[in-house]
Structures are given as structure tokens and as C-alpha cells.
Amino acid sequence: MSAQGNDRQGEHTAPSGDGDIHWAFRTTENAVILLDGERRILHANPSARALAERALPGQGAGELLALLPAGAWDQARDSGRWAGEVTVPSGIVLEIVVRNGLGMGDGVALHLVTFDDVSQRNARQAELQQRHDELQAAHHRLAGAQEQLLQSEKMASIGLLAAGVAHEINNPIGYVHSNLGTLHEYIGALFALIEAQDAALQSADPAAAREDVRAQRERLDIDFILGDLPKLLAESREGIERVTKIVQDLKEFSYLGRGDPMRPSDLHKGLESTLNIVWNDLKYKVRVEKHYGELPLVECHLSEINQVLMCLLINAGQSIDNRGTIDIATGAEDGEAWISIADSGCGIPPEALPRIFDPFYTSKPIGRGTGLGLAIAYRIVSKHHGRIEVASEVGVGSTFRVVLPVVQPVAADAQDQ
Ligand SMILES: Nc1ncnc2c1ncn2[C@@H]1O[C@H](COP(=O)(O)OP(=O)(O)OP(=O)(O)O)[C@@H](O)[C@H]1O
Ligand SMILES: [Mg+2]
């Protein structure tokens, strides 16, 4: 220990004999030790002695100075100040500050050393840090859960879509299959007739066999077959074309353009392929009316806009209990294109209107809606720098209008891609 002197004596040796300063030293709650230029203790206040008792049981305030690391005094001399933290064997953490200066009036060099027990503060800080880490971990978990939910909503949409598509494809495939069965029978009859004709031609008297062939032709119902065959083929071709169209729509609908730049796209085409996909859900109770205007090509990720339209069409369908109409209108003005989907459904109460875009807000029974449809739609449309406007009246219906800029703003566009 480089400091010398007895701190108990020091207490009575005021540096300047000034009573006020003496009183201030005595009463401050900070542990303070004042030393002269030779590092002899001039004064150690009661707080310093109490701290020494607590941190270094059985020792005096002077021993506190021994806690200063080598170099602390030199640094204080060179730069006027040294500060650091020291942990004593009992576990208490002390923040120590050494200041160098000149005594008032006499200009004698002095050292002022203050000690602060920061164990509790550090413990609180550690606790806060731990809470912060826990909160951050919880936040990460929640973000992950949200992502999973969004994913499962997508899966639910895909499930719905798959069910609809399966149904739509099943119908044409069903009648093409049945037509193939009929064709098989027709071909059997035609082959039988050809064989009868061959046999007649090769017989000794073909003219005599004519009546047999005619009877065979009547029995096999060949006239009916000849009339029905073209119809059967046309119907089957139509069925196959319908399946091809649905598969094409599905491909277009689910095309993942992630990372691709937005492309000028035909919103009417997107609307039609989406309608085709949700048609199975709508066709039994909804009459769809279309009032399409002129639309320029709109810069967007069409598959994402299709997802928005699907959400709006499904919601519109679900809002109609028995029978109703969905009116789809489109138009463009002032550099913006819009698609509006108006239903004659139950409508949205005014108090619910501000919440419908909130994730998980749903008025539907458990298992029917997750309340993510509009939240996702909102996110997609915002990403396209557009907006969704809603007007609704309970008992009358709701109109959702998606408005998109025809051309994406340049700077923001660059960010998105
Ligand atoms: N066309 C509409 N008519 C009446 N209410 C609607 C309509 N569209 C949305 N809503 C209301 O907004 C709520 C939220 O819609 P959103 O599409 O986000 O979720 P959801 O349809 O309930 O569930 P899902 O996640 O399956 O789409 C609905 O539950 C409904 O109360
Ligand atoms: Mg929905």
C-alpha cells in the first residue's frame, strides 16, 4: 500500500481548516478519502470507514486505497483522473475514482479518492440485462410463431384451393371417363358392322347378304351411334380443355415470383383465373356480375394480387348466407387501377370495421376463419404501394376496392426487389 497514515487521525485534520468543508466530508454518504501530494491520508470520512468495515472486515479506510491497481496513481497524476471497478474478496464491487488537484488557497497538491459500492447497481443491471434477453428471446419466439401462422394460413388457402380444384377437375374428368366407356361400346358396334360387311362382300352372293347387313346395322343402332359420336367427342374435348385451363390457372395462381421484379400484368387475367379457382365455393349460392372497364397492364406480382383477390372473393362468398350477388368491377384513373368486389352479404358492423385488417380478427366460428386473410391482403397491397378501401352496411353488403399504382414508384420499387 503506497498510501500512508492513519485514517482515524485523518478525520480530524481538515485540509484547509474550513469548518463547512469538514462538515460536508463528514456527512456525505459517499465514501471519500483525501490525501496530500505524498499520498498521506489527510481525511477519511465516516462513510469511507463504514465501507471499509463492510468490504474489508476488520480493516480501516486506508486499506481501501490498497485496492487501487498499479498504474492508477500515475494515470491520475498524468491526466488528472483515474476511474475503475474493483471486486473485493467478499464479492462487493467498488467503483473507485481518483482525482488530482490543488488545494484551495495554498495550492498544495491533493488526491481525492471516492468509493462507490456498485454491487447492487450491477446486480440490477445484470437482472435487467437478463430480463431484456428473455424478452428478446420471447419476441423471437413470437415472430417465429407468427411466421408459422402465416405459413399455416397459406397452407389453409392451399387446402381450400386444392379441394376446389379437385372438385372442378373431377366433373369434366368424370364425363370424359364415362364418354370413353360409351365410345368403347360404339367402336365394338362399328367393328361388328365392318365384319358383317366384310363377310357379306366375301360371300358367294353379296347381294343376297345385303338384307342381313341392313338388319345387323339396325340391331347395332349404327345411325344413332353416327349421330352421337361427334357430340361425344366434342364434349370430351371440351372437358379436357376445361381441365387444361384449370391446371393453367392454378399454375398462374400459385406461381411464386419471390425475388422476381414486379412485371406489367393483366389484372383481368388474374381475376379470371382466381375466379375459376374459387368458383367451386361460390357457384351454388352466388351470381357473379362483371363490370370490367379498360385496364392498363399494372406493375405487380400477379400471383400475390391473385391471393388478395381470392381472399376478397372468399370473404364475399362467406358473407352471403343463402343466395346473393358478387359484383366485380374494374377501372383505371389518374395512374391507378382498381378492382372492386361488392357483395350483397351480411355487412360489417361499424365497430368491427377498424379491426378487420388486424391479424387474427375474425367473426367466424373456430375452425372456419383464422382472421389472417385480410391481414395478408393488406400486407401484399401495401407492398405494392396500393390501398384497400372498404365500405359496408349491415344487412346490405360490403364493397372492397383494391387500388394499385399502374407503375411502381421508382425508389421504393428498388427496395422491394
Ligand atoms: N365481405 C365481407 N362481408 C362481411 N364481413 C367481412 C367481409 N370481409 C371480411 N369481413 C369481416 O372481417 C373479418 C376478417 O376477415 P379475414 O379475411 O381477415 O379473416 P376471416 O375471413 O375471418 O378468416 P380467414 O383467415 O379464413 O380469411 C371476417 O371474420 C369478417 O368479420
Ligand atoms: Mg377471410
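Of the residues that sit in region 354-374 and are under 18 Å from V308 (Cα atoms) and assigned to a helix (DSSP H, G or I), which one is nearest to ligand 2 (Cβ to nearest atom)?
Out of the qualifying residues, it is G373.
Quick check on this structure: which one of S152, S157 is at pLDDT below 90, of a type in the set (S, T, Y), surrounded by fewer than 16 Cβ atoms within 10 Å (Cβ to Cβ) and within 30 Å of I314 (Cβ to Cβ)? Explain how you work it out, then say what you get.
Working: S157 fails: surrounded by fewer than 16 Cβ atoms within 10 Å (Cβ to Cβ).
Just one listed residue meets the conditions, S152.
Being assigned by TED's automatic domain parsing to the domain that holds K383, more than 26 Å from the chain's Cα centre (by Cα) and surrounded by 13 or more Cβ atoms within 10 Å (Cβ to Cβ) narrows it down to one of V278, V288, so name that one. Spell out the reasoning first.
Numbers: V278 fails: more than 26 Å from the chain's Cα centre (by Cα).
Unique residue meeting the criteria: V288.
In this structure, is T330 closer than 15 Å to T399 by Cβ and either away from ligand 1 (no atom under 16 Å from the Cβ) or surrounded by fewer than 18 Cβ atoms within 10 Å (Cβ to Cβ) (or both)? Show your work before the answer.
Values: closer than 15 Å to T399 by Cβ: yes; either away from ligand 1 (no atom under 16 Å from the Cβ) or surrounded by fewer than 18 Cβ atoms within 10 Å (Cβ to Cβ) (or both): yes.
Yes, satisfied.
Considering only region 379-394, state which residues are surrounded by fewer than 19 Cβ atoms within 10 Å (Cβ to Cβ) and either of a type in the set (S, T, Y) or near ligand 1 (Cβ under 10 Å from one of its atoms) (or both).
Answer for region 379-394, where residues must be surrounded by fewer than 19 Cβ atoms within 10 Å (Cβ to Cβ) and either of a type in the set (S, T, Y) or near ligand 1 (Cβ under 10 Å from one of its atoms) (or both): S382, V390, V394.
Might you check whether a residue that is at pLDDT below 95 and of a type in the set (F, W, Y) occurs anywhere in region 353-360?
Yes, region 353-360 contains at least one residue that is at pLDDT below 95 and of a type in the set (F, W, Y).
Kindly list the number of the only condition in (1) touching a helix residue (DSSP H, G or I) at 6+ places or on another chain (Cβ under 9 Å); (2) outside any strand (DSSP E or B); (3) away from ligand 1 (no atom under 16 Å from the Cβ) that fails for E294.
Condition not satisfied by E294: (1).
Could you list, in sequence order, all residues of region 74-94 that are touching a strand residue (DSSP E or B) at 6+ places or on another chain (Cβ under 7 Å) and either of a type outside the set (V, I, T) or farther than 23 Å from H43 by Cβ (or both)? Steps first, answer last, please.
Here is the first cut: in region 74-94, the residues touching a strand residue (DSSP E or B) at 6+ places or on another chain (Cβ under 7 Å) are 75-77, 80-88, 92-94.
Listed by number, the residues that qualify are Q75, A76, R77, G80, R81, W82, A83, G84, E85, T87, V93, L94.
The values are calculated or read from the model by the stated rules, or taken from the named source; none is laboratory data. Here the structure is a predicted model, which means the values were calculated and not measured. Cβ atoms come from the backbone with ideal geometry, glycine included; neighbour counts cover every protein chain shown.
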